[in-house]
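This report refers to the structure that appears directly beneath it.
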Amino acid sequence: MNIGEKIDTEKVGQRSFDPVELAQALRKGAFWTVASWGAHAWTVHKDMFLRFKVNGHHHKGHVYIVLGWDDTFTVYFTTTMGKIIDKKEGVYVDVIVEVIDKKVEYIEDYTS
């Protein structure tokens, strides 16, 4: 699926995984970052993808996380109506929070 198209929830998944486990890892492992996205409405579809709604500084809409055959994730950023705005392919699990954060909320001017 490409940018500008509507996401097809019946065709988006490449292989099944445990989206509930991924959601728990995101919410526990990066609690404050995920909370800053305003992440809610977590949804699992046939163990093929995880979807949640965000209300971030840069992106307001849905985020879909899909596991590929090569053990990397594809992250789709869509409107609430399902139109694909952006997608990031080849995302490894150890950087998935950073990839999503840069698209949803991250602001370089923030200081530690």
#### Entry: Positions within segment 1-15 being part of a loop (DSSP other than H, G, I, E, B), in contact with a strand residue (DSSP E or B) (Cβ under 8 Å, 6 or more places away or on another chain) and within 12 Å of Gly82 (Cβ to Cβ), in sequence order
Met1, Gly4, Glu5, Ile7, Thr9, Val12
### Task
May I ask you to say which residue of Gly13, Gly4, Gly68, Gly29 is of a type outside the set (Lys, Arg), at positive phi and either out of contact with any Lys or Arg (no Cβ under 7 Å at 6 or more places or on another chain) or in contact (Cβ under 8 Å) with a residue 24 or more places away in the chain (or both)?
Gly4
### Message
Conditions first: (1) out of contact with any helix residue (DSSP H, G or I) (no Cβ under 8 Å at 6 or more places or on another chain); (2) in a strand (DSSP E or B); (3) surrounded by 14 or more Cβ atoms within 10 Å (Cβ to Cβ). Glu89 passes all but one, so which condition is the exception?
### Response
(3)
#### Entry: Residue in segment 98-108 that is touching a residue at least 60 places away in the same chain (Cβ under 8 Å) and not hydrophobic (A, V, I, L, M, F, W, C) present
yes
### Query
What do you reckon, is Tyr76 surrounded by 15 or more Cβ atoms within 10 Å (Cβ to Cβ) and aromatic (Phe, Trp, Tyr)?
yes
### Task
State which residue is nearest to Tyr92 (Cα to Cα) when the search covers only segment 38-50 and only residues that are touching a Lys or Arg at 6+ places or on another chain (Cβ under 9 Å) and surrounded by 12 or more Cβ atoms within 10 Å (Cβ to Cβ).
Met48
### Message
Quick check on this structure: which one of Ile107, Ile84 is touching a strand residue (DSSP E or B) at 6+ places or on another chain (Cβ under 9 Å) and not acidic (Asp, Glu)?
### Response
Ile84
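Residue by residue, here is whether (1) of a type in the set (Lys, Arg); (2) under 11 Å from the mean Cα position of the chain (by Cα); (3) within 21 Å of Gly4 (Cβ to Cβ) holds:
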{"position": "Ser36", "(1), (2), (3)": "no, no, no"}
{"position": "Lys83", "(1), (2), (3)": "yes, no, yes"}
{"position": "Lys87", "(1), (2), (3)": "yes, yes, yes"}
{"position": "Asp94", "(1), (2), (3)": "no, no, no"}
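Read-outs: derived from the displayed coordinates by stated rules, not from any lab. All values derive from a computational prediction rather than experimental measurement. Neighbour counts are summed over all protein chains in view; Cβ atoms, including those assigned to glycine, are modelled from backbone coordinates with ideal geometry.
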